[in-house]
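Below is one structure, written out as structure tokens, with a few remarks after it.
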Amino acid sequence: MVRRRFSFGLVSRLSSPIYGRSPCSGGIWTPCLGQKRSFMTAKDLVESEEPEKKVTNRINMFSAINQALHTVLDSDPKSYVFGEDVGFGGVFRCTTALRDKFGRHRVFNTPLCEQAIVGFGIGLASMGNRAIAEIQFADYIFPALDQIVNEAAKYRYRSGNLFNCGGLTVRAPYGAVGHGGHYHSQSPEAFFCHVPGIKVVIPRSPSQAKGLLLASIRDPNPVVFFEPKWLYRLAVEEVPVDDYTLPLSSAEVMRKGSDITLVGWGAQLAIMEEACDEVSKLGISCELIDLRTLIPWDKELVEDSVNKTGRLLVSHEAPVTGGFGAEIAASITNSCFLRLQAPVSRVCGLDTPFPLVFEPFYMPTKNKCLLSNQNNVILDIDCTRPILFGKRAPHAVL
Amino acid sequence: MQGIMESIQTLCSGDHGNEGFMQDDEDEEEENGVGRLTSWAELLGFGLAVFSEAIAPQLQCFCDRTLGFAVGQGGSREAWIKAVAMAMSLVRKAVKKGWVGALAPAARVMSQALSTASEPITLDIPVPFKAHKVETPSVTVETSAQELTNFFKTMFIMRRMEIAADSLYKSKFIRGFCHLYDGQEAVCVGMEAALNDKDCIITAYRDHCTHLGRGGSVLEVFAELMGRKDGCSLGKGGSMHMYNKKGGFYGGNGIVGAQTPLGAGLAFAQKYLKVEGVTLAMYGDGAANQGQLFEAMNISALWNLPVIYVCENNHYGMGTAEWRSAKSPEYYKRGDYIPGLKVDGMDCLAVKQAVKYAKEYALQNGPMVLEMDTYRYHGHSMSDPGSTYRTRDEISGVRQERDPIERIRKLLLSNNIATVAELKTMEKEAKKEVEDALSKAKESPSPDSDELFTHVYRKGYGAKAYGADRKEVVVKLP
């Protein structure tokens, strides 16, 4: 069985959070200046001149998320955390010690009813509170899909800005875990990316998780925050202990390159990073981008990168047809068509239900990324005619 | 004379298992209404049966171990000396046992010939029913020795199977999720006693034993748990997705509460097609708070569908006690306009009576809710120790006082249907059956990699998908 292994070295390279003048320090997050009103937002990467020595702790992702929740509940008395089994700490220990510290009226269990959990959260948020709802697994979010799509996303729009449920944040663990099977491994982010009015945020590492979660909770729009469950314990990193946020709708370049741009999010980035290391031995330099926020996504950064390299590969765990990679591919093809030297490649999960014993075959593994990357071979939809475009073709034509 | 010839023929045909011979006796018994050997032919036949069943195997074993050993070792002097020593130790053992151990099978055969296996026994259910908008069924239930023995055997097999699954999970043969049913066996076994093959069952993820009850085999269950080809769902479903088409078992569903509207649909089909069967839509106390359950209840009451909603109330929804998650933990009343019954779910006979009653009601009048008051000894799943939200005293208390298998054991003993030794033999047979199935399941291969792409659609999807190396694996989705 293919297992992902995280070496500490690899993980530390994954991190490079953007510190700097974070506009938020306990107050309400205000959108950064220069943000256009269209769906595509301007990137506003704030490069820090020199990050001063921050006090950090070496912790894993669920502890980072726990810290973020502690910070929010500390700083805002009108914030609440609720969901199934959050009282004792949650099935992934993300909410440990919250109830003891903040009391049963702010941190409470709900019965087994996802639709009601999210609906209740929308109501709470529309009265100006910060409602942080936890859905136990992203696979169970579908009863709540109606509430998110039809109520949360449209509340501000349909009421002409009289009401909004910006204080709502829905957190859910998503993604494959090695043995999850059909209903503990799904990646449903694409369903939510189709809905204007909400934001979808996915962190890749503990420090990113803390910053992005704090930003999501304080963002005045409803946010669906997917946490890669594979990384809850495995990803360990130095995470600053203080309150900091990372900007939403802002992608991050994890490593610079000149030959091909790779875009991904969540746990898939670790796989892509391994693939990048391997192809760099062949002399292909990859630019790896973490999208971080899926909608509204940082189109400009990706466009700039593709204009530099001329090639794009998108990778995610969800099935390839209709996954979010399709949106990225279509957009980039539209805007960078003349610059592209090859069709946009998508290395994603297969178009089957998430399988049980066949998980290693379903997953977009390092080898699949390698193959797609290495010769820059992009297969046509009928998989019969590989078209070779790469400037290097050291191996036989497939 | 003819009888003797028949008896000898049966013996010589090699098919002189207990059942074959004793079945004749039972048939005679039913005709004559007397449960005793009445003719010389039967007596002779019986004697031969006792010999072949009880004594011959012992003799054969003895000869195997002594003569067979000596011959196998080459017939040398040392081998013969060893064989004699072995023979003496066997004899010593038999003497120590007082010959009782050697003749236990004979005793069993005799008692089974003499017992009246299908004569009705009437028993009273100790814990009364509680009713909501309907009359309670009678607490006097008719059963028979055979039925009780079957209860015992089936529940014991189920218990062994779940415990074997526990150790398989711990040794990583089973991966993923495994939700065990031990403690709750009485519910599915009692249900089966009141149902037939025209009825359908649909349940949640704690479905290993329900699958067995509907006609599945232990081998299928183990193979499916380990994700092998011989599993009931071809290894593609796993613990939570076991199905049986012939037995009308519609699974095995992972999403909590989602199976209840499906149950309403099954009942509609049964009613429309005039099948004269009911659907049992089972769910737990955690799922009782799902909106879709109430939607299903409304439409099934509106359209008078023959569906019985069975709430298996084991008092804990994963780690949440019922009083913490439900305003009204009286789940049999939650149907409001749908009548309900609360049943002691650890008593097979109570469950049987309630389901029989509910089936009659549902076929006439429409849906009904049954709340089975039951308990699970294991945690919610294998990753839950089961002791963080309840005390070990509670678990062992229930095990001592309300265990379903012990209850049937007491009934069997107090009604002289079986002796302690016979029950032990039955248990041993059950254990062996489970172990055999387990070893067979371990040998079963994993499904082919093509199975990843099959059954997504009916056929003709037409697109291609590829494996890690496109030269090696390119599959057109079937």
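The values are calculated or read from the model by the stated rules, or taken from the named source; none is laboratory data. This one's a predicted model, so the numbers in the text were calculated from it and none came from an experiment. Neighbour counts are summed over all protein chains in view; Cβ atoms, including those assigned to glycine, are modelled from backbone coordinates with ideal geometry.
Among the residues of the stretch B:312-337, what is the count of those that are free of Cβ contacts under 8 Å to residues at least 40 places away in the same chain, acidic (D, E) and more than 11 Å from every other protein chain (Cβ to nearest Cβ)?
The total comes to 1.
Tally the residues that are buried (at least 23 other Cβ atoms within 10 Å of the Cβ) and among the charged types (D, E, K, R), restricting the search to the stretch B:297-325.
1
Here is a yes/no grid of residues against (1) closer than 23 Å to B:A430 by Cα; (2) among the acidic types (D, E):
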site	(1), (2)
B:Q184	yes, no
B:E192	yes, yes
B:R206	yes, no
B:G213	yes, no
B:M226	yes, no
B:G248	no, no
B:G254	no, no
B:A264	no, no
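Here's a check for you: in the stretch A:86-108, which residue that is crowded, with 20+ Cβ neighbours inside 10 Å and not hydrophobic (A, V, I, L, M, F, W, C) is nearest to the other protein chains (Cβ to nearest Cβ)?
Only one residue tops the list, namely A:G87.
Of all residues in the stretch B:253-268 being touching a residue at least 40 places away in the same chain (Cβ under 8 Å) and more than 11 Å from every other protein chain (Cβ to nearest Cβ), which is surrounded by the fewest Cβ atoms within 10 Å (Cβ to Cβ)?
Filtering the stretch B:253-268 for residues that are touching a residue at least 40 places away in the same chain (Cβ under 8 Å) and more than 11 Å from every other protein chain (Cβ to nearest Cβ), the one surrounded by the fewest Cβ atoms within 10 Å (Cβ to Cβ) comes out as B:L262.
Can you tell me which residues in the stretch B:156-180 are out of contact with any Asp or Glu (no Cβ under 6 Å at 6 or more places or on another chain), assigned to a loop (DSSP other than H, G, I, E, B) and farther than 23 Å from B:P445 by Cα?
Passing the criteria: only B:H179.
Examine the stretch A:268-283 for a residue that is hydroxyl-bearing (S, T, Y), surrounded by fewer than 23 Cβ atoms within 10 Å (Cβ to Cβ) and part of a loop (DSSP other than H, G, I, E, B), and state whether such a residue exists. Give the derivation first.
Of all residues in the stretch A:268-283, those hydroxyl-bearing (S, T, Y) come to A:280.
Next cut, surrounded by fewer than 23 Cβ atoms within 10 Å (Cβ to Cβ) only: A:280.
Still in the running and part of a loop (DSSP other than H, G, I, E, B): none.
No, the stretch A:268-283 contains no residue that is hydroxyl-bearing (S, T, Y), surrounded by fewer than 23 Cβ atoms within 10 Å (Cβ to Cβ) and part of a loop (DSSP other than H, G, I, E, B).
Out of all the residues in the stretch A:182-214, which are over 16 Å from A:D139 (Cα atoms), of a type in the set (G, A, S) and in contact with a strand residue (DSSP E or B) (Cβ under 9 Å, 6 or more places away or on another chain)?
Listed by number, the residues that qualify are A:S205, A:S207, A:A209, A:G211.
Any residue at all in the stretch B:100-121 that is crowded, with 20+ Cβ neighbours inside 10 Å, in contact with a Gly (Cβ under 9 Å, 6 or more places away or on another chain) and at pLDDT below 90?
Yes.
How many residues are surrounded by fewer than 19 Cβ atoms within 10 Å (Cβ to Cβ), within 14 Å of another protein chain (Cβ to nearest Cβ) and part of a loop (DSSP other than H, G, I, E, B) when one looks only at the stretch A:112-136?
So the count comes out to 0.
State all residues of the stretch A:79-112 that are at pLDDT below 95 and of a type in the set (S, T, Y); if no residue qualifies, say none.
Residue satisfying the conditions is A:T110 alone.
Looking at A:V224, A:V201, A:V177 in this structure, which one is under 19 Å from the mean Cα position of the chain (by Cα), closer than 30 Å to A:P240 by Cβ and within 14 Å of another protein chain (Cβ to nearest Cβ)? Break it down into steps so the answer makes sense when it comes.
Details: A:V224 fails: within 14 Å of another protein chain (Cβ to nearest Cβ); A:V201 fails: within 14 Å of another protein chain (Cβ to nearest Cβ).
Of the residues listed, the single one that is under 19 Å from the mean Cα position of the chain (by Cα), closer than 30 Å to A:P240 by Cβ and within 14 Å of another protein chain (Cβ to nearest Cβ) is A:V177.
Which condition number in (1) closer than 18 Å to A:K366 by Cβ; (2) in contact (Cβ under 8 Å) with a residue 60 or more places away in the chain is the one that A:F324 fails?
(1)
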